[in-house]
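Below is one structure, written out as C-alpha cells; comments come after it.
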Amino acid sequence: MSLPDKRGHFGIFGGIFAPETLMEAIGELNKAYAKTKKDKGFQKELKELFKSYVGRPTPLFEATYLSRHYGSKILLKREDLAHTGAHKINNCIGQGLLARKMGKKRIIAETGAGQHGVATATAAAFFGMECHVFMGSEDIKRQAPNVQRMRLLGAEVIPVESGSKTLKDAMNEAMRDWVTNVRTTYYMIGSVAGPHPYPMMVRDFQAVIGKETKVQLKKMGLKANNIIACVGGGSNAIGIFYEFIDDKVNLIGVEAAGKGLSSGLHSAPLATGQPGVLHGSLSYLLQNKDGQVKEAHSIAAGLDYPGVGPEHSYLKDKGRVKYGTVTDTEAIRAFKLLSEKEGILPALESAHALAYLEKIEHKKNKVSVINLSGRGDKDLHILGEK
Amino acid sequence: MIASIFEKARKENRTMLMPYFPVGYPTLSRSKKVFLNLAKNGADLLEVGIPFSDPIADGPVIQKASTVALKAGLKVEQVFGALNDIKKKLPPTIIMTYYNLLYKNGLKNFARKAAKAGVKGVIVPDLTVEEAKDWLAASRDQVETIFLVAPTSSDARIKKISKASSSFLYCVSLTGVTGARNKLPKSTYVFLKRVRSLTKKPIAVGFGISKREQVNELRPLSDGIIVGSSLIKAYTKAKTETDSLKNIEKFIKRLGV
C-alpha cells in the first residue's frame, strides 16, 4: 500500500494537527495537489522548469579522491549545482506552480539555513508573487549571505525573536502568519514536515533526485550499495531514498549529533527522541518528559530542528532506513576533506552525509552514493572561525 | 456538567464570563491566586492554560507568559496539583493546551489526572476532530472535549464539529492568533450568526476580545465570552501582586460581561 493514507498517516505518524482555522485551506491544498498529479500540463511544465530553470538533471559525479581514500566507489549526487545551490529549489518550483494554479499571490515560508528561504524567494520572483520569509534571528546572524540573497530577490525577511530563535521558531511564526492570512496566503513549507499533505507533496517534488540517480547509475552500469543523506526535516534524504525504497540497497539517513549525543546539544530526534506532535504532524521529537519541545543544536543551521518528517519516523520503526549521527566536528572534517581534495565546498548539512563515509564498511567493488544536497558558500564565515 | 452551567445562564438570560489565564504565570503560586480572584469576580467558567513551548495559535502576550512559566520549570504534574488544592473554590474549570502535552503524558493518564484535579473539560487548539479519536476514547467518562470552529470553517465542518464537541462550541472570532484587537472584524458577527444557525449547542466566542464595546456587540450573539491576552496584560501592568489582582478586578468590571 502506498503511504501516506488519505489523512496523511505513515503508520502511527503524520496526520493533521492544526488549528481549525487552517483546515479548509489544508483541504483545498490537498485537492489542488491531487489534481496536479493527473494534470499532464502541470507535469510537463514542471519537467521543463526543472530542466531549463533549475538545471536538472544534476550530475552524479564520481569523487575520485574520496574513492581512492576509502577504497570503494564514492558518487556524489550534485544537488549543490542546482539553481540557488541546493535541492530546496525542486520543491519550491513545484509548490510555486501549484500556488499559481490555486491563484495565490502571497507566499510565506520558514527557513533555517536560508536555503529554503532563498529557493522560495527565487520561486516567488519567478512566478511574480509577494514573498515573506520567517527566519530565527540566531540564523540571520549565522547565515548572513543567504539573508542578503533573499532581500535581493525581493523577499521580506522577518526576524523571529521567540524561543531558540532558529528554524523551529521560524516555523511557529510562519504558522501564525498562515492562520492570520489564510485566505490569501500560500504557505510554502520547505521540508517533509508539517500537516498532511506537505510531507507527501514535498517528498514527491524532491523524488526527482532519486529518480535521476537511478537512471544515472544504470547508465554508468553500477548498482548502489549505500545511499547516504543528511536528515534535518529530511527532504533531501526522502528525495533520494524514495525511488529506492523497494530496492536492495542500504539507505542511511544522518542526523546531526551536534556536540555529541550525550551532551544533549544535538538535533537527533530519530536517535534520541520520542513520538510527539509539533508543527502539524506526529513524529519523533526532541522533548522533555512532559512533552515540552527541546531546543536543538547543530553547526548546520539547516539541521537545527527538534523534529523530523513523519515518513522518516515510519521508515525508522519499520527498519527500512538506518539512521546514524555525525557530530559538528566530524562534519567539519568532512567539509575540509571534500573542499581540499575534490574542489567542492559542501554545505555543512551535506557534510554530515559525507562524514558518515567514515562509519561504513568499504570494499573495492562497493558503491556509495552521497546526496550532496547543497553548496557551502553560505557557511564560509562559520568555517572561517574553525 | 458544563452544559448545565450554560443552561442556567441561558435561563437567567445572561452571557457567561469565561476568563483564560495561564497557570505558572508569573509563578505557580501567584497564578493560583489569580484563579481564586477570577472565581470571586464572577467567572462562570474558568479556562486554565497549560503553557506549551510552541504555541502556534497564540499571539505575543500568551507566548511571553508561557515562556516565563516554562523557564521556571513548570510541569503538568504541578498544574494538576495546584488545581487540586483549590478546586473547591473554583467555578467549573476547563484546561486549554496543545496536543503534545496530552500525548506525551499519556492520553489516559492525562485525562484521569485532570478529572481528579477537578477539571471538567479540555480545549486543544491543534487537535482536529479528524485526529481526536484516540483522545476521545481515552478521556471518555473523565473530562469533556470542546472543539473549536473558525470563520473559515464551512457549514458542513461546523455541523461535524458541533456533533463531536461536548457541551458547547468554541468560536474563534477571527482568522488569526490570540491577542487583543482594537476592533473585531464585521465578519465575526456574521460568523457567530452562522454558527448559531448550524448548532443547537451553546456557543462561546474568544480571540481578540478586550473591550466593553466589543462585549456589548457580542452579547446577543454568544452564550459565553472568553478573554485571555487582555486579562494577562492588565495583570502584568501593575508592579505589586496586590495591584495586579486589583487590575484584574477592574478589568472584569470594565468589560461588563
Exercise. When the convex hull of the Cα atoms of the range B:120-172 is projected onto a plane and the area is averaged over all directions, what value comes out in nm²?
Worked result: 3.5
Exercise. Where in the range A:15-42 does the amide nitrogen come within less than 13 Å of the point 7 Å from the Cα of A:Arg7, taken along Cα to Cβ?
Worked result: A:15-18
Seminar exercise, completed: At R0 = 35 Å the Cβ-Cβ FRET efficiency linking A:Glu48 and A:Ile245, nearest 0.05, sits at 0.80
Problem set entry | Rounded to the nearest 10 Å², the accessible area of B:Lys87 at probe 1.4 Å | 80
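What do the square roots of 5 times the Cα gyration tensor eigenvalues come to for the range A:314-357, in whole Å, largest first, as semi-axes of the equivalent ellipsoid?
Details: eigenvalues 127, 19, 11 Å².
Sorted largest first and rounded, they come to 25, 10, 7 Å.
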Seminar exercise, completed: Whole-percent tail of the Cα-Cα distance distribution for the range B:15-250, cut at 26 Å, equals 33
Exercise. Taking chain B as a Gaussian network, Cα atoms linked when under 10 Å apart, which of B:Ile56, B:Ile123, B:Ile225 shows the biggest mean-square fluctuation?
Worked result: B:Ile56
Seminar exercise, completed: tail above 17 Å in the computed P(r) of the range A:86-131, as % of all Cα-Cα pairs, reads 20
Problem set entry | Against the rule of thumb 2.2 N^0.38 Å, how large the Cα Rg of the range A:52-135 comes out | 1.37
For this session: Using a Gaussian network model of chain B whose springs link C-alpha atoms within less than 10 Å, name the residue from B:Ser230, B:Ser66, B:Ser244 with the highest mean-square fluctuation.
Result: B:Ser244
Exercise. In whole angstrom, and with the biggest value first, how far do the Cα coordinates of the range B:59-108 range along each principal axis?
Worked result: 32, 25, 20
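Within 10 Å of each Cβ in A:285-295, how many Cβ atoms from other chains are there, averaged over the peptide?
Numbers: counts 3, 0, 5, 5, 5, 15, 14, 14, 6, 1, 1.
Per-residue shielding by partner chains comes out at 6.
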Exercise. When the solvent-accessible surface of protein heavy atoms is calculated with a 1.4 angstrom probe, in what order do B:Leu221, A:Leu303, A:Leu153 fall, highest first?
Worked result: A:Leu153, B:Leu221, A:Leu303
Problem set entry | Dimensions in Å of the range A:270-386 - Rg and Dmax from alpha carbons | 15.9, 49
For this session: On a 0 to 90° scale, report how tilted helix A:88-101 is relative to the longest principal axis of chain A, with both axes built from alpha carbons and the result rounded to the nearest 10.
Result: 20
Exercise. What does the accessible area of A:Glu295 come to, in Å² to the nearest 10, when a probe of 1.4 Å is used?
Worked result: 110
For this session: Answer rounded, prolate or oblate for the range B:1-152, using the Cα gyration tensor with square roots of eigenvalues a ≥ b ≥ c: rounded when a/c is under 1.5, else prolate when a/b is larger than b/c, else oblate.
Result: rounded
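Determine the shielding of peptide A:171-181 by partner chains: average, over its residues, the number of Cβ atoms on other chains within 10 angstrom of each Cβ. Each step should come with its number before you reach the end.
Values: counts 2, 6, 2, 1, 5, 10, 2, 2, 10, 5, 2.
Counting other chains' Cβ atoms within 10 Å and averaging over A:171-181 gives 4.
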Problem set entry | For the range A:158-219, alpha-carbon Rg and Dmax in angstrom | 16.0, 50
Exercise. To the nearest 500 deg cm²/dmol, what mean residue ellipticity at 222 nm is calculated for chain A from DSSP H runs of n ≥ 4 alone, each contributing -39,500 (n - 2.57), summed and divided by the residues?
Worked result: -12000 deg cm²/dmol
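For A:Lys259 and A:Lys211 in one chain, what is 0.36 nm times their gap in residues minus the Cα-Cα distance, to one decimal in nm? Provide the component values of the computation, followed by the final result.
Numbers: separation 48, 0.36 × 48 = 17.28 nm, distance 3.45 nm.
Extending this stretch completely gives an extra 13.8 nm.
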Problem set entry | Cα-based reach from A:Lys378 at 27 Å (exclusive), listing lysines while leaving out same-chain residues under 8 positions away | A:Lys51, A:Lys77, A:Lys88, A:Lys141, A:Lys165, A:Lys168, A:Lys259, A:Lys294, A:Lys336, A:Lys341, A:Lys359, A:Lys386
Exercise. What value does the protein assembly as shown have for Rg/Rh, both radii from Cα atoms and Rh as Kirkwood defines it?
Worked result: 1.00
For this session: Would you mind working out the magnitude of the charge dipole of the protein assembly as shown relative to its Cα centre, with +1 at each Lys and Arg C-beta and -1 at each Asp and Glu C-beta, to the nearest 20 Debye?
Result: 1400
Seminar exercise, completed: Comparing A:Val326, A:Val249, A:Val215 in a Gaussian network model of chain A (Cα, 10 Å), the one with the largest mean-square fluctuation is A:Val215
Exercise. What angle, in degrees between 0 and 90 and rounded to the nearest 10, separates the Cα long axis of helix A:208-219 from the longest principal axis of the Cα atoms of chain A?
Worked result: 30
Exercise. Accessible surface of A:Arg333 in the full protein assembly, 1.4 angstrom probe, to the nearest 10 Å²?
Worked result: 150
For this session: Quick one: check the C-alpha center-to-center distance for the range A:1-29 versus the range B:1-52, whole angstrom.
Result: 33
For this session: Could you work out, residue by residue across A:18-31, how many beta carbons of other chains sit within 10 Å of that residue's beta carbon, and then give the average as an integer?
Result: 6
For this session: Please name which of A:Val157, A:Thr180, A:Thr64 has its Cα lying farthest along the dipole of chain A towards the positive end, using unit charges on Cβ (Lys, Arg +1; Asp, Glu -1) and the Cα centre as origin.
Result: A:Thr64
Problem set entry | Projected label distance in nm at B:Glu130 and A:Leu383, using a 7 Å step from Cα toward the beta-carbon | 4.3
For this session: Round to a whole angstrom and tell me the spacing of the C-alpha centers of the range A:135-151 and the range A:88-118.
Result: 17
Problem set entry | Antiparallel bridges, percent of DSSP beta bridges restricted to the protein assembly as shown (to nearest 5) | 20
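Plugging the Kirkwood radius over Cα pairs into Stokes-Einstein for the range A:90-186, at a temperature of 10 °C and a viscosity of 1.306 mPa s, what D comes out in µm²/s?
Numbers: Rh = 13.0 Å.
In µm²/s, the coefficient is 123.
The values are calculated or read from the model by the stated rules, or taken from the named source; none is laboratory data. Being a predicted model, the structure only gives us computed values, none of them experimental. Cβ: placed from backbone, ideal geometry, glycine included. Neighbour counts: every protein chain shown. Please note that ligands, DNA and RNA were not included when accessible areas were found on the heavy atoms of the full protein model with its side chains. Shrake-Rupley method; radii C 1.70, N 1.55, O 1.52, S 1.80 Å.
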